[in-house]
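Remarks on the structure that follows.
The values are calculated or read from the model by the stated rules, or taken from the named source; none is laboratory data. What you are looking at is a predicted structure, and each value in this text was computed from that prediction instead of being measured. Backbone-built Cβ (ideal geometry, glycine too); neighbour counts: all protein chains shown.
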Amino acid sequence: MNLENFKHLSDFDDILITDEKGMILFYDLADLKVLSEMGVRPEEFMGKHITSFYKNLTNQNSTIMNVLKNGKAICNVKQELVTKNGNLLVSVNSTYPIEENDKIIGAIEFSKHFYTKEDIHSLNNFASHKVFRKNNTIYTIDNIITVNANMETVKNRIRKIAKTDSTVLIFGQTGTGKEMVAQSIHNESDRFGGPFISLNCGAIPPNLLESTLFGTVKGSFTGAVDMPGLFEQADGGTLFLDEINSLDYYLQVKLLKAIEEKMIRRIGGNKNITVNIRVISATNEDPDTLVAEKKLREDLYYRLGVVQIDLPRLNERKEDIAVLLKNFIDFYNTHMDLFIKGVEPEVLECFKKYHWPGNIRELKNAVETAYNNALTDMITIEDIPKRIREYQGTTKMVQRGTKIHSLKDAVENYEKEIIAKELKRTNGKLTEAAKGLGISKQLLRYKLDKYQLS
């Protein structure tokens with residue numbers, strides 16, 4: 001046997017061996033996600049006929065079956081295979097007969113999967129954003145699925161502001177996609193080759209936040225070691241700070257100085273370290289209210305919010321529910337051992353009526369719940385969470401006279417009336433009115449502007 005003929009086999013990733021009838025005896029795959037793409041579990045792969053996994057593979061066009069029949073090797077043949085899930089897999093195979101005593105007893109096939117423009121569905125499922133995943137991100141602007149005009153505007157703003165290094169403050173309720181927007185900005189920018197470092201400020205104990213952000217020098221306190229902080233780790237890239245209002249006032253001052261000067265000093269250190277980063281921050285509370293309530297320094301707010309992006313709630317973009325549903329179904333068809341075609345019409349109608357306090361994250365979780373309950377290839381009303389299917393919307397309405405207002409409007413109108421009465425009682429004296437209302441004078445000014453009472 002001339003080994004020169006087999007040198008090219010090092011280019012292949014996968015090996016598969018069958019018996020003389022085409023039944024699988026052995027396989028070794030570089031990535032088992034290929035089986036997920038086929039809709040097959042590892043234990044289901046063994047002992048099955050090679051043609052049973054694909055819609056378009058037959059004894060006539062199968063390279064393995066042809067080698068078993070003719071006894072001749074077939075090298076570097078491209079095959080386009082359609083899985084039972086409807087996914088397209090493109091591979092290049094080299095297949096050889098296995099002989100014993102001049103009798104063919106099986107076949108061995110070496111293969112490698114390839115992905116082209118025509119196979120983009122498979123590529124997305126197999127290795128999403130392979131180019132970007134090395135910079136610590138999993139999202140790009142293409143992951144922002146929408147047909148809503150406001151969200152299209154957000155996407156256009158992302159493309160525009162990505163060209164600069166200005167700070168960005170993202171305001172949106174929990175589950176609206178703040179980190180997705182932050183990663184999209186990073187990956188649309190020239191910084192995409194640098195790291196994306198993310199920190200939820202509310203998830204770190206206050207006494208550890210400073211060392212986490214700025215790093216430490218060995219010996220600066222008991223147990224301290226030389227450790228770079230997130231500012232240093234993000235050098236050349238983007239630092240994303242979520243729940244920025246969780247920082248205490250002292251740390252907000254230090255953060256402001258670091259952003260202004262692009263220079264930090266480790267705890268216990270005696271030298272300044274220059275950093276080249278872009279800072280993106282986020283909050284799930286109204287920044288103006290945070291400033292008014294002294295939870296966010298006014299000067300830091302202005303520095304963080306050179307550009308501000310406000311994300312709408314899912315309840316404000318209900319036309320997106322259908323396209324988001326399709327996206328999540330495609331996702332779970334890939335990541336779960338199930339295949340769902342879609343949802344029944346009454347499910348979509350129910351979803352459109354629901355108020356979605358958890359926003360897009362809640363919708364995704366609802367789809368995952370349905371996958372765990374589904375008995376057919378369509379999601380029914382019985383498969384979705386009980387709180388959603390039984391929601392009527394009546395609990396969110398308040399009757400005032402002959403007109404029906406939303407709860408939010410009713411509360412704001414009531415608050416406006418109380419403030420107006422207190423101002424009248426104090427003859428417009430803000431300090432006295434604020435004291436009577438039990439709020440700060442700054443917060444009262446904010447509410448006067450909000451309700452146009454000034």
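Answer yes if at least one residue in segment 431-450 is more than 22 Å from I321 (Cα to Cα), assigned to a helix (DSSP H, G or I) and at pLDDT below 75, and no otherwise. Full working, then the answer.
Filtering segment 431-450 for residues more than 22 Å from I321 (Cα to Cα) gives 431-450.
Now restrict to residues that are assigned to a helix (DSSP H, G or I): 431-437, 441-450.
This time we only want the ones that are at pLDDT below 75, so: 442.
Checking segment 431-450: at least one residue is more than 22 Å from I321 (Cα to Cα), assigned to a helix (DSSP H, G or I) and at pLDDT below 75.
Looking only at segment 210-229, how many residues end up being buried (at least 21 other Cβ atoms within 10 Å of the Cβ) and closer than 30 Å to T289 by Cβ? Steps first, answer last, please.
The initial filter retains those residues of segment 210-229 that are buried (at least 21 other Cβ atoms within 10 Å of the Cβ), namely 213-216, 229.
Right, trim to closer than 30 Å to T289 by Cβ and you get 213-214, 229.
Result for segment 210-229: 3.
Any residue that is farther than 21 Å from T137 by Cβ and under 23 Å from the mean Cα position of the chain (by Cα) - is there at least one of those in segment 206-225?
Step one: filter segment 206-225 for residues farther than 21 Å from T137 by Cβ, giving 206-211, 214-225.
Filter once more, keeping what is under 23 Å from the mean Cα position of the chain (by Cα): none.
Checked against the condition, which is being farther than 21 Å from T137 by Cβ and under 23 Å from the mean Cα position of the chain (by Cα), segment 206-225 yields no hits at all.
Does M227 fit the bill of being in contact (Cβ under 8 Å) with a residue 12 or more places away in the chain, in the same structural domain as D165 (by TED's automatic domain parsing) and more than 16 Å from I277 (Cα to Cα)?
On the way: in contact (Cβ under 8 Å) with a residue 12 or more places away in the chain: yes; in the same structural domain as D165 (by TED's automatic domain parsing): yes; more than 16 Å from I277 (Cα to Cα): yes.
Answer is yes for this residue.
Name, by its number, the condition in (1) touching a strand residue (DSSP E or B) at 6+ places or on another chain (Cβ under 8 Å); (2) without any contact (Cβ under 8 Å) to a residue 60 or more places away in the chain; (3) of a type in the set (S, T, Y) that does not hold for Y250.
(1)
So is I388 modelled with pLDDT of 90 or more and either farther than 30 Å from D320 by Cα or surrounded by 13 or more Cβ atoms within 10 Å (Cβ to Cβ) (or both) or not? Can you show your working first?
Details: modelled with pLDDT of 90 or more: yes; either farther than 30 Å from D320 by Cα or surrounded by 13 or more Cβ atoms within 10 Å (Cβ to Cβ) (or both): yes.
Yes, satisfied.
Assuming N359 fulfils every condition listed in (1) among the polar types (S, T, N, Q); (2) out of contact with any Ser or Thr (no Cβ under 6 Å at 6 or more places or on another chain); (3) crowded, with 21+ Cβ neighbours inside 10 Å apart from one, which condition is it?
Unmet condition: (2).
Can you tell me which residues in segment 129-144 are modelled with pLDDT under 95 and under 20 Å from I360 (Cα atoms)? Can you show your working first?
Applying the first criterion (modelled with pLDDT under 95) to segment 129-144 yields 129-143.
Scanning segment 129-144 gives T137, I138, Y139, T140, I141, D142, N143.
For every residue, the table says whether it meets (1) over 30 Å from the mean Cα position of the chain (by Cα); (2) outside the structural domain of G305 (by TED's automatic domain parsing); (3) assigned to a helix (DSSP H, G or I); (4) farther than 23 Å from V181 by Cα.
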residue	(1), (2), (3), (4)
E232	no, no, yes, no
D235	no, no, no, no
L241	no, no, no, no
N245	no, no, yes, no
L251	no, no, yes, yes
K257	yes, no, yes, yes
G269	yes, no, no, yes
A282	no, no, no, no
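Let me spell it out: the conditions are (1) under 19 Å from L290 (Cα atoms); (2) out of contact with any Leu (no Cβ under 9 Å at 6 or more places or on another chain); (3) without any contact (Cβ under 8 Å) to a residue 12 or more places away in the chain; (4) not β-branched (V, I, T), and K421 meets all of them except one. Which number is the exception?
Of the numbered conditions (1) under 19 Å from L290 (Cα atoms); (2) out of contact with any Leu (no Cβ under 9 Å at 6 or more places or on another chain); (3) without any contact (Cβ under 8 Å) to a residue 12 or more places away in the chain; (4) not β-branched (V, I, T), the odd one out for K421 is (1).
Which of (1) within 30 Å of K257 (Cα to Cα); (2) hydrophobic (A, V, I, L, M, F, W, C); (3) buried (at least 19 other Cβ atoms within 10 Å of the Cβ) does I340 not meet, given it meets every other one?
All conditions are met except number (1).
Determine whether V154 is part of a helix (DSSP H, G or I) and of a type in the set (V, I, T).
On the way: part of a helix (DSSP H, G or I): yes; of a type in the set (V, I, T): yes.
Judged against the criteria, V154 is a match.
Going by the structure shown, is K155 modelled with pLDDT of 95 or more, farther than 21 Å from I197 by Cβ and among the charged types (D, E, K, R)? Show your work before the answer.
On the way: modelled with pLDDT of 95 or more: yes; farther than 21 Å from I197 by Cβ: yes; among the charged types (D, E, K, R): yes.
Considered against the rule, which asks whether it is modelled with pLDDT of 95 or more, farther than 21 Å from I197 by Cβ and among the charged types (D, E, K, R), K155 comes out as yes.
Answer yes if at least one residue in segment 275-282 is of a type in the set (S, T, Y) and touching a helix residue (DSSP H, G or I) at 6+ places or on another chain (Cβ under 6 Å), and no otherwise.
Looking only at segment 275-282, we keep the residues that are of a type in the set (S, T, Y), and these are 281.
Still in the running and touching a helix residue (DSSP H, G or I) at 6+ places or on another chain (Cβ under 6 Å): 281.
Yes; the residues of segment 275-282 include at least one that is of a type in the set (S, T, Y) and touching a helix residue (DSSP H, G or I) at 6+ places or on another chain (Cβ under 6 Å).
Of all residues in segment 27-51, count the ones that are over 19 Å from F12 (Cβ atoms), touching a Phe, Trp or Tyr at 6+ places or on another chain (Cβ under 9 Å), surrounded by fewer than 16 Cβ atoms within 10 Å (Cβ to Cβ) and at pLDDT below 80. Can you show your working first?
Taking segment 27-51 first, the residues over 19 Å from F12 (Cβ atoms) are 36, 39-44, 46-49, 51.
Filter again for touching a Phe, Trp or Tyr at 6+ places or on another chain (Cβ under 9 Å), leaving 36, 39-40, 42, 46.
Of the ones still in play, those that are also surrounded by fewer than 16 Cβ atoms within 10 Å (Cβ to Cβ) are 42, 46.
Now restrict to residues that are at pLDDT below 80: 42.
Residues in segment 27-51 being over 19 Å from F12 (Cβ atoms), touching a Phe, Trp or Tyr at 6+ places or on another chain (Cβ under 9 Å), surrounded by fewer than 16 Cβ atoms within 10 Å (Cβ to Cβ) and at pLDDT below 80: 1 in total.
Of all the residues that make up segment 52-82, how many are modelled with pLDDT of 90 or more and surrounded by 17 or more Cβ atoms within 10 Å (Cβ to Cβ)?
Total meeting the criteria: 9.
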